[in-house]
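Working notes for the structure below.
The values are calculated or read from the model by the stated rules, or taken from the named source; none is laboratory data. Computed from a predicted model, the values in this text were never measured in an experiment. Virtual Cβ from ideal backbone geometry, glycine too; neighbours counted across all protein chains shown.
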Amino acid sequence: MNAAIVDRGRGPQIAGTRITVFDIMDYLRLGWHHTAIAAWLRLSSAQVLAAMKYIEEHKEYCEEEYKFILEREARGNPPEIQAKLDAIHAKWAPIWEARRKAHQQERDGNARHPGGQQQ
C-alpha cells in the first residue's frame, strides 16, 4: 500500500484513499494508537504513520485547518440545506420504519421457527 500524503483539492489525504490527515487527527485526539486507527479505517500502519508524520511536519497548518473544520462542524448546516435534509427525512422516515418493522417481524418469526419452517 502507498503511504504517501497527497492533496487533490480537498486537503492532504492518504494516497489511494479519501481519508484526510484531519480524519486521522480525530482519532489521535481521542488517544487512539496508530495500529488501532489503521485497523478501524482499514489502512496499513505505514499509511497512518505517514499521516502522523505529515501532521507533525505541518503542525501549524494542520492545527489551524483542524480548528476551522471543528468550528464549521459545530455551526451545523445552513438553514436552506437543513430544510432540504429535514424534507428528505420526513419523506423517507415512514418507509424506513416500515422496513425496520418488517425485518424485525421476519427475524422474530425465524427465531420461533428455526430453519424458516412453519409448524
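Contact map, region 53-80: residues that are of a type in the set (S, T, N, Q) paired with residues that are in a helix (DSSP H, G or I), Cβ distance under 7 Å, separation 6+ or inter-chain. Pairs shown: Asn77/Leu85. Inspection of region 102-117 identifies no residue that is basic (Lys, Arg), out of contact with any His (no Cβ under 9 Å at 6 or more places or on another chain) and at pLDDT 95 or above.
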